[in-house]
Amino acid sequence: MSLEREIQELRSIVAHLSSEVIRLSSEVTRLEKENKELRTRLQRYEHPKNSSNSSVSPSQDENRPRRKSIRQSSGKKPGGQAGRKGNTLKMTLSPDKIQPCMSNYCECCGENLSEVDPEFIGKRQVIDIPKVQPIVTQYNQYKKTCTCGCVNVADYPEQANAPVSYGNNIESLIGYLSTRHYLPFERLKEILNDVFNVSISVGGVHSLLSKLAAKAQPAYAAIKTRLTQSRLAVGSDETGVHINGKKHWAWTWQNDQATFITITNNRGLKSIEDNFSQGAENAVLVHDCWASHFNTPALSHQICIAHLLRDLNYLTDRYAHKWSKVCKGLFQQALLLKGKMQPSDYLISLQERSVIEKRLDVLLNYTLPEDDKELIAFKKRLEKYRDYIFTFLYRQEVPPDNNASERAIRNLKVKLKISGQFKSESGADNFAVLRSVIDTTIKNKQNVMGALSALALNYHTE
């Protein structure tokens, strides 16, 4: 009887231990899972995203780490290259004023030399500007009465649309300093007062910018039309801007000939439908992998290789896996091939291009470790947009990156860095319109101030 009791007690102990083992095993599994998640989170802190390995802007870098550039060395030494043409200040052949420099008395004995004929031995020129003074033009209005009794009253010039108003040169100058050189309204007011002796208020500055932007609307519409009808590649990008404390989005569509910028209140497809619904049906659209861009009508697409290379920098730092290193090397090889391709190479079957395509397919078929989740997500993105990775190797006019679009919207970031934020939607829209005109002017190698002056002369704004 005692033996049976001992057996029963032992069975009870074994059952308890078995239950405890199961519990501990479950606890170990839970802790292992938690440990794995914590390690993953820790890796993100050990390898944070910054401007050198992602699309994070340099201003958001913590402690501003040394950037790891994706550019390759050209092998050239810094500075001016051998054979370049120098450029120095040159004398004008028709100076506005000639001032003789001669001695009327001998430096040795004091003899009067005023009757001695001078001998020319050299010349120097000083370039300066006169003190700026505003010119006030008064228009006196008269009437004449005809013998028939009709009273004829002469019209004021359209520019003189108030008892006192600012002229076109002041209007274009304000547009130039505000939009091209990013000056805030207060500093613009100070410069106009101190340098040009023109008294104006902040409200006056805004009013003149609005007038100039209204006059620029036909040019703004023409720029958009030019891009929608372009057969060159068109780049697109977007970035956040603040207007009176609220988040908005600046969008751009641009190419080598024109830049169109607009401000919207969202980052989605609606902005494209409202502002660029026709798209670029005859051109390849170059952009990052933001989904809305793929809904823009276009002949084809090219995703930005520079974005992909920055992402690969991050993934290599994070996982140290050979896949990301090989993928980065393949993209760099494609960029080198683009740099040496001749126009005829785009029309034929090119072996180097075929090799790059095949290597990419091998990479996309490679099985990555299940734990490398971000690396897997990156590979899936490449698989999704496989047809748009090497478009630039088949079309000469297509660039491999979207850097030009980033430069186009960087102007708004510079403006916000200086001014803090736009205070109104109308002020942001004015900047977008005038900056579109200015950037297009620069791309066509025209004088910016001359273009804005021409706009200011356009009185008919309806």
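The values are calculated or read from the model by the stated rules, or taken from the named source; none is laboratory data. Bear in mind the structure is a predicted one, so any value in this text is a computation, not a measurement. We place every Cβ from the backbone using ideal geometry, glycine too, and count neighbours over all the protein chains shown. Heavy atoms of the whole protein, side chains included, go into the accessibility calculation; ligands, DNA and RNA do not. Shrake-Rupley method; radii C 1.70, N 1.55, O 1.52, S 1.80 Å.
Which residues, taken from segment 208-229, are touching a residue at least 60 places away in the same chain (Cβ under 8 Å) and in contact with a strand residue (DSSP E or B) (Cβ under 9 Å, 6 or more places away or on another chain)? Even if it seems obvious, please write down each step before you answer.
As a first pass, look at segment 208-229 and keep what is touching a residue at least 60 places away in the same chain (Cβ under 8 Å): 209-220, 223.
Tyr220, Ile223 - these are the residues of segment 208-229 that are touching a residue at least 60 places away in the same chain (Cβ under 8 Å) and in contact with a strand residue (DSSP E or B) (Cβ under 9 Å, 6 or more places away or on another chain).
If I ask for residues that are more than 16 Å from Ile409 (Cα to Cα) and of a type in the set (D, E, K, R), which ones from segment 250-296 would you list?
Within segment 250-296, Lys270, Glu273, Asp274, Glu281 qualify.
When segment 192-205 is examined, which residues are found to be touching a helix residue (DSSP H, G or I) at 6+ places or on another chain (Cβ under 7 Å) and surrounded by 15 or more Cβ atoms within 10 Å (Cβ to Cβ)?
Val198, Ile200, Val205
Return the pairs, sorted by first residue and then second, in which the second residue is of a type in the set (S, T, N, Q), the first residue lies in segment 434-456 and is over 19 Å from Asn168 (Cα atoms), the beta carbons are less than 7 Å apart, and the residues are 6+ apart or on different chains.
Correct list of pairs: Ser436/Thr259; Asp439/Thr259; Thr440/Thr259; Lys443/Gln257; Lys443/Thr259; Asn444/Gln257.
Among Asn266, Asn313, which is assigned to a helix (DSSP H, G or I) and either under 21 Å from the mean Cα position of the chain (by Cα) or closer than 21 Å to Phe331 by Cβ (or both)? Steps first, please.
On the way: Asn266 fails: assigned to a helix (DSSP H, G or I).
The match here is Asn313.
Filter segment 442-459 down to residues that are among the hydrophobic types (A, V, I, L, M, F, W, C) and over 15 Å from Ile223 (Cβ atoms) and give me whichever is modelled with the highest pLDDT. Spell out the reasoning first.
Restricting attention to segment 442-459, the residues satisfying the condition of being among the hydrophobic types (A, V, I, L, M, F, W, C) are 442, 448-449, 451-452, 454-457.
Retained after the next criterion (residues that are over 15 Å from Ile223 (Cβ atoms)): 449, 456-457.
Working: Met449: 95, Ala456: 92, Leu457: 88.
Looking at residues that are among the hydrophobic types (A, V, I, L, M, F, W, C) and over 15 Å from Ile223 (Cβ atoms), I get Met449.
Checking the condition surrounded by fewer than 14 Cβ atoms within 10 Å (Cβ to Cβ), without any contact (Cβ under 8 Å) to a residue 40 or more places away in the chain and closer than 19 Å to Asp372 by Cβ, which residue from Gly339, Gly329 passes? Give the derivation first.
On the way: Gly339 fails: closer than 19 Å to Asp372 by Cβ.
Only one candidate qualifies: Gly329.
Against the condition out of contact with any Asp or Glu (no Cβ under 9 Å at 6 or more places or on another chain), modelled with pLDDT under 95 and surrounded by fewer than 10 Cβ atoms within 10 Å (Cβ to Cβ), how does Gly167 come out, does it pass?
Numbers: out of contact with any Asp or Glu (no Cβ under 9 Å at 6 or more places or on another chain): yes; modelled with pLDDT under 95: yes; surrounded by fewer than 10 Cβ atoms within 10 Å (Cβ to Cβ): no.
In short, no.
Give just the number: which of (1) in contact (Cβ under 8 Å) with a residue 24 or more places away in the chain; (2) open to solvent by 20 Å² or more (accessible area, probe 1.4 Å); (3) not in a strand (DSSP E or B) does Phe378 not satisfy?
For Phe378, the exception is condition (2).
Answer yes or no: is there a residue in segment 198-220 that is of a type outside the set (Gly, Ala, Ser) and outside any helix (DSSP H, G or I). So that I can check it myself, show each step before the final result.
Residues of segment 198-220 that are of a type outside the set (Gly, Ala, Ser), as a first pass: 198, 200, 202, 205-206, 208-209, 211-212, 215, 217-218, 220.
Then keep just the ones that are outside any helix (DSSP H, G or I); that gives 198, 200.
Scanning segment 198-220, I find at least one residue that is of a type outside the set (Gly, Ala, Ser) and outside any helix (DSSP H, G or I), so the answer is yes.
Condition first: under 18 Å from Leu312 (Cα atoms) and either open to solvent by 70 Å² or more (accessible area, probe 1.4 Å) or not acidic (Asp, Glu) (or both). Now tell me which residues in segment 342-369 satisfy that.
First, the residues of segment 342-369 that are under 18 Å from Leu312 (Cα atoms): 356, 359-369.
Within segment 342-369, Ile356, Arg359, Leu360, Val362, Leu363, Leu364, Asn365, Tyr366, Thr367, Leu368, Pro369 qualify.
Here's the yes/no breakdown for (1) at pLDDT 90 or above; (2) open to solvent by 80 Å² or more (accessible area, probe 1.4 Å); (3) not β-branched (Val, Ile, Thr):
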| site | (1), (2), (3) |
| --- | --- |
| Lys85 | no, yes, yes |
| Thr88 | no, yes, no |
| Thr92 | yes, no, no |
| Phe120 | yes, yes, yes |
| Asp128 | yes, yes, yes |
| Lys144 | yes, yes, yes |
| Cys148 | yes, yes, yes |
| Tyr156 | yes, yes, yes |
| Pro163 | yes, yes, yes |
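Mind listing just one residue for me: the one in segment 432-449 that is among the hydrophobic types (A, V, I, L, M, F, W, C) and in contact with a helix residue (DSSP H, G or I) (Cβ under 6 Å, 6 or more places away or on another chain) and, of those, surrounded by the fewest Cβ atoms within 10 Å (Cβ to Cβ)?
Residues of segment 432-449 among the hydrophobic types (A, V, I, L, M, F, W, C): 432-434, 437-438, 442, 448-449.
Those left that are additionally in contact with a helix residue (DSSP H, G or I) (Cβ under 6 Å, 6 or more places away or on another chain): 433-434, 437-438, 448-449.
Numbers: Val433: 28, Leu434: 25, Val437: 27, Ile438: 23, Val448: 18, Met449: 16.
Within segment 432-449, the match that is surrounded by the fewest Cβ atoms within 10 Å (Cβ to Cβ) is Met449.
Out of Arg395, Arg410, I need the residue that is more than 23 Å from Ala298 (Cα to Cα) and surrounded by fewer than 21 Cβ atoms within 10 Å (Cβ to Cβ). Which one? Please lay out each step first, then the result.
Details: Arg395 fails: more than 23 Å from Ala298 (Cα to Cα).
Matching residue, one of Arg395, Arg410: Arg410.
Which one is nearest to Arg395 (Cα to Cα) among residues in segment 230-273 that are of a type in the set (D, E, K, R) and in contact (Cβ under 8 Å) with a residue 24 or more places away in the chain? If you could, list the steps in order and put the result at the bottom.
Looking only at segment 230-273, we keep the residues that are of a type in the set (D, E, K, R), and these are 231, 237-238, 246-247, 256, 267, 270, 273.
Okay, now just the ones that are also in contact (Cβ under 8 Å) with a residue 24 or more places away in the chain, so 231, 237-238, 256, 267.
Details: Arg231: 11, Asp237: 21, Glu238: 24, Asp256: 15, Arg267: 29 Å.
Taking the candidates together, the pick is Arg231.
Going residue by residue through segment 135-142, is there one that turns out to be out of contact with any helix residue (DSSP H, G or I) (no Cβ under 7 Å at 6 or more places or on another chain), open to solvent by 100 Å² or more (accessible area, probe 1.4 Å), in contact (Cβ under 8 Å) with a residue 24 or more places away in the chain and over 29 Å from Asn197 (Cα atoms)? Can you show your working first?
The initial filter retains those residues of segment 135-142 that are out of contact with any helix residue (DSSP H, G or I) (no Cβ under 7 Å at 6 or more places or on another chain), namely 135-142.
Keeping just the survivors that are open to solvent by 100 Å² or more (accessible area, probe 1.4 Å) gives 135-136, 138-139, 142.
Next, from what is left, pick out any that are in contact (Cβ under 8 Å) with a residue 24 or more places away in the chain: none.
Scanning segment 135-142, I find no residue that is out of contact with any helix residue (DSSP H, G or I) (no Cβ under 7 Å at 6 or more places or on another chain), open to solvent by 100 Å² or more (accessible area, probe 1.4 Å), in contact (Cβ under 8 Å) with a residue 24 or more places away in the chain and over 29 Å from Asn197 (Cα atoms), so the answer is no.
Filter segment 163-183 down to residues that are of a type in the set (Val, Ile, Thr) and either within 18 Å of Asp429 (Cβ to Cβ) or part of a helix (DSSP H, G or I) (or both) and give me whichever is farthest from the chain's Cα centre (by Cα).
We begin by selecting, within segment 163-183, every residue of a type in the set (Val, Ile, Thr); these are 164, 170, 174, 179.
Right, trim to either within 18 Å of Asp429 (Cβ to Cβ) or part of a helix (DSSP H, G or I) (or both) and you get 170, 174, 179.
Details: Ile170: 28, Ile174: 22, Thr179: 14 Å.
Filtering segment 163-183 for residues that are of a type in the set (Val, Ile, Thr) and either within 18 Å of Asp429 (Cβ to Cβ) or part of a helix (DSSP H, G or I) (or both), the one farthest from the chain's Cα centre (by Cα) comes out as Ile170.
Hey, can you tell me all the residues within segment 115-148 that are part of a loop (DSSP other than H, G, I, E, B) and polar (S, T, N, Q)? Show your work before the answer.
Step one: list which residues in segment 115-148 are part of a loop (DSSP other than H, G, I, E, B), which gives 115-142, 146-148.
Gln125, Gln133, Thr137, Gln138, Asn140, Gln141, Thr147, listed by residue number.
Which ones in segment 274-289 are free of Cβ contacts under 8 Å to residues at least 60 places away in the same chain, in a loop (DSSP other than H, G, I, E, B) and surrounded by 15 or more Cβ atoms within 10 Å (Cβ to Cβ)?
Scanning segment 274-289 gives Phe276, Gly279.
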